[in-house]
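Input: a single structure, listed below in structure tokens.
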Amino acid sequence: DDTTLEALVSIAKAEQGNKGMIESNWGDGMFNSLISPVFARSYPVTIEEYKVTGQKELRIIDKLEPALNQHRVVLNKAIIEKDTEIDPEYGHNHNSGLYQLTHLTRDRGSLKHDDRVDALAEMVGYFTNMVKADTKKAEEKHKEKLQDEELLKFMDTIRGKTRRRRRVYTSSGEVRLGGFN
């Protein structure tokens, strides 16, 4: 309802979020249609949809396991403390993200609630893909630099010149070869 949608926008505003990620499988894109106008009116952000496939437990584990094994996920202590507060009525908190993370298995339906660990997995997957893209760009730039150096050597050989390996550093930290002997 409108109250829930407004509450989500308020949370995004309070946290100064600038991008919303919506699982399009849920409601087949309907949720995006409902929340986009509310964001546009109250707190404009970029909203992207993503699709998921396969068994949820396996998908979550496949996204989280490499990052967790490499100790690349950092959890804020204050958030963990709030997340793991004991429910006075039940004596536990099965809705806790940390509970979900520590009780997830590859078995279908291993958790009654998996919303928080699912959101964490999608966030880790999103940033993992960003890092991979940045790494690929850096690798391509490095290859171009090596090719340029080889081309300079080849041209110098043809011209009968030798190039002293003097390095010139630019303001961006880029290293270039400079000067002829």
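The values are calculated or read from the model by the stated rules, or taken from the named source; none is laboratory data. All of these numbers come straight from a predicted model, not from anything done at the bench. For neighbour counting, all protein chains shown are included, and Cβ atoms are generated from backbone atoms with ideal geometry for every residue, glycine included. Calculation scope for accessible area: heavy atoms of the full protein, side chains included, ligands and nucleic acids excluded. Shrake-Rupley method; radii C 1.70, N 1.55, O 1.52, S 1.80 Å.
Taking the protein heavy atoms of the chain in the context of the full set of protein chains, the accessible area attributed to carbon and sulfur is 54 percent at 1.4 Å.
The heavy atoms of LEU58 present about 60 square angstrom of accessible area, all protein chains included, probe 1.4 Å.
Basic side chains Lys and Arg get +1 at the Cβ, acidic Asp and Glu get -1 at the Cβ, and with that the dipole of the chain about its Cα centre reaches some 1940 debye. Structure remark: mean-square fluctuation, Gaussian network model of the chain, C-alpha springs under 10 Å; the largest value among MET130, MET21, MET30 belongs to MET30. Dipole check for region 1-51: with +1 at the C-beta of Lys and Arg, -1 at the C-beta of Asp and Glu, and the Cα centre as origin, the magnitude is about 200 Debye. Using heavy atoms of the protein chains and a probe of 1.4 Å, the accessible area assigned to ASP28 is about 130 Å². Considering only THR84, THR128, THR46, the Gaussian network model of the chain with Cα springs below 10 Å gives its largest mean-square fluctuation to THR46.
Quick check on my link table: of LYS19/LYS112; LYS77/LYS132; LYS19/LYS143; LYS77/LYS136; LYS13/LYS112; LYS51/LYS112, which ones sit more than 26 Å apart, alpha carbon to alpha carbon? Checking Cα-Cα distances, LYS19/LYS112; LYS77/LYS132; LYS19/LYS143; LYS77/LYS136; LYS13/LYS112 exceed 26 Å.
Give me the percent relative contact order of region 49-156, please, defined on Cα pairs under 8 angstrom at least 6 residues apart.
Averaging sequence separation for qualifying contacts and normalising by length gives 27 percent for region 49-156.
Taking the longest Cα principal axis of the chain as reference, the axis of helix 56-69 is set at about 50 degrees.
Only Cα pairs under 8 Å and 6+ residues apart enter the sum, and on that basis the relative contact order of the chain stands at 13 percent. In this structure the chain gives 75 Å² per residue of accessible area when probed at 1.4 Å with all protein chains present. The alpha carbon centroids of region 47-104 and region 106-143 are separated by 13 Å.
How charged is the neighbourhood of LEU111? Take every other residue with its Cβ under 14 Å from the Cβ of LEU111, and add Lys/Arg as +1 and Asp/Glu as -1.
Result for the neighbourhood of LEU111: +1.
Here's the picture: charge each Lys and Arg Cβ at +1 and each Asp and Glu Cβ at -1 in the chain, and of LEU152, SER96, LEU8 the one pushed furthest to the positive end of that dipole is LEU152. Where [x] 9.7; [y] 11.4; [z] 17.2 are the candidate values, the label of the one calculated here for mean projected area of the Cα convex hull in nm² is [z].
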